[in-house]
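Undergrad: Here it is, the structure, as structure tokens.
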Amino acid sequence: MNIGRLAGSIAESPTLKLNSQAAALKAAGEPVIHLGGGEPKNKTPEAAVLAAKAKLDSGEVKYTPSEGVPSLKKAIVRYTEENYGRSASPGNVIVSAGAKPALFSLLYAILDPGDEVLILAPYWVSYPEMVRMVGGVPVVLKPGEGRFVPTLREIERTLTPKTKAVIVNSPNNPSGAVYPEELVADLVRLCESRGVVYISDDIYHKLVFGGKKAASPYACTDKDIESTQVVSVNGISKVYGMTGFRIGWVVAPRKLVEVMGNVQGQILSCASALAQAAAEGALTGPQTPVVSLCEALQRNRDVMMRELSAMKKLKVREPEGTFYCLPDFSAYKADSMELCRFLLEKALVVTVPGREFGMEGHLRLSYCTSAEDVIEGVSRIRWALDPESPEEIEIGGKRRVRDWA
């Protein structure tokens, strides 16, 4: 059977593929250390569990409105007001089965074939593929001088008359960088002056370290949600560590939400009623689980920075938030995909190639696992790459000898 050219051109998600490979190795009894994941080890917040249980106990787990359960939309309105200082209405909110389909529906709603979307590297792997899937053209901007954050001048030079939107992910996956407030403000003003949609991927927006906060694009405009060019995408997967519930949302002008509702109604029908109940419980319940998760991630971040510092040829910037860092391994091996395969084969450590994030020569390392796994994983990477490390190492109770150049 012939496969369509568009579908055949879409790349496989490297993170999902690596997760599958790691799971297969673990199932075979191999002592794999997974430093490639984006899934924290926390338990689901109790308020979310209780809300889901109450919904399940009711037996009323049916279809919901395509745009989301009214009570959850109201909770998102409150969340938006409390965290962004911006008034919204339920008509400005659409709920989806995760932030991925929320972003996809948004892109489908705003793009015509040939429209360009500016994607700032390093970027989340799915951005370019999603843009292509709806007929758009991804235009990647890689900041100069080894930076993870572009300058306004670099962005201005990359915009064209075909630019329909720019996707901003801060705190950033994969680098952990947080965009400065001045840049966010300048970029919002630039988008509003050019009629470009500012898509703010806020999935990590509360996971910022050192008591700091990520700059909100809504705070950088005096326009309300109906008239601004800012559209925000969010969800419960990262901040609440509720990856398996698959609930995300978009806050946008009412007209755009209505179009997204039409799109979503044809391909999704609605998000799970049970998962929406859990999401509402998380948003309206105590927020201490978010604080606890952020503190645990910061401790693990510090452990990873300490361990990586022993690799003298490595270049690494300390992440300001998220689950990840993006060290430059090019002094060891320039091809990041080849390096990932090498580390998995020789050291049984899962990493993610920087090539997939627009940063060849880098690897994304996650510290949302345990501190013990961070220490062991980096130790194995150092052993596999650094000629000054010991020739032998114990992995899973077995001695391994470094027998390669």
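Undergrad: Taking helices (runs of 4 or more DSSP H) that fall entirely within segment 268-376, which contain at least 1 residues that are among the acidic types (Asp, Glu) and closer than 30 Å to GLU394 by Cα?
TA: Where helices (runs of 4 or more DSSP H) fall fully within segment 268-376 and carry at least 1 residues being among the acidic types (Asp, Glu) and closer than 30 Å to GLU394 by Cα, they are 288-308, 336-347.
Undergrad: Right, next: How many residues does segment 1-16 contain that are in a helix (DSSP H, G or I) and loosely packed, with under 13 Cβ neighbours inside 10 Å?
TA: 6
Undergrad: Quick check on segment 193-218: of everything there that is of a type in the set (D, E, K, R) and assigned to a loop (DSSP other than H, G, I, E, B), which residue is surrounded by the most Cβ atoms within 10 Å (Cβ to Cβ)?
TA: Filtering first and then ranking leaves ASP202.
Undergrad: Same structure again: For the structure I just gave you, tell me whether ALA88 is over 22 Å from the mean Cα position of the chain (by Cα), in the same structural domain as GLY244 (by TED's automatic domain parsing), modelled with pLDDT of 95 or more and among the hydrophobic types (A, V, I, L, M, F, W, C).
TA: When the stated conditions are applied, ALA88 passes them.
Undergrad: If I go through segment 162-192 residue by residue, how many of them are assigned to a loop (DSSP other than H, G, I, E, B) and surrounded by 17 or more Cβ atoms within 10 Å (Cβ to Cβ)?
TA: 10
Undergrad: Hey, among the residues in segment 33-65 that are small (Gly, Ala, Ser) and either in contact with a strand residue (DSSP E or B) (Cβ under 7 Å, 6 or more places away or on another chain) or at pLDDT below 95 (or both), which one's surrounded by the fewest Cβ atoms within 10 Å (Cβ to Cβ)?
TA: My answer is GLY37.
Undergrad: Give the number of residues within segment 227-241 that are closer than 17 Å to LYS213 by Cα, over 13 Å from the mean Cα position of the chain (by Cα) and not in a loop (DSSP other than H, G, I, E, B).
TA: Within segment 227-241, residues that are closer than 17 Å to LYS213 by Cα, over 13 Å from the mean Cα position of the chain (by Cα) and not in a loop (DSSP other than H, G, I, E, B) number 1.
Undergrad: ARG400: basic (Lys, Arg), over 25 Å from PRO180 (Cβ atoms), outside any loop (DSSP other than H, G, I, E, B) and modelled with pLDDT under 95, yes or no?
TA: yes
Undergrad: Which pairs have Cβ atoms under 6 Å, sit 6 or more apart or on different chains, and link a residue in segment 81-105 that is within 17 Å of GLY244 (Cβ to Cβ) to one that is outside any helix (DSSP H, G or I) and of a type in the set (Lys, Arg)?
TA: Filtered contacts from segment 81-105: ALA97/ARG246; GLY98/ARG246.
Undergrad: Checking the condition closer than 16 Å to ILE267 by Cβ and either of a type in the set (A, V, I, L, M, F, W, C) or not assigned by TED's automatic domain parsing to the domain that holds GLN266 (or both), which residue from LEU72, LEU118, LEU106, LEU56 passes?
TA: LEU106
The values are calculated or read from the model by the stated rules, or taken from the named source; none is laboratory data. Model, not experiment: these values are computed from the prediction. When we count neighbours, we look across all protein chains shown, and the Cβ atoms used for this are built from the backbone with ideal geometry, even at glycine.
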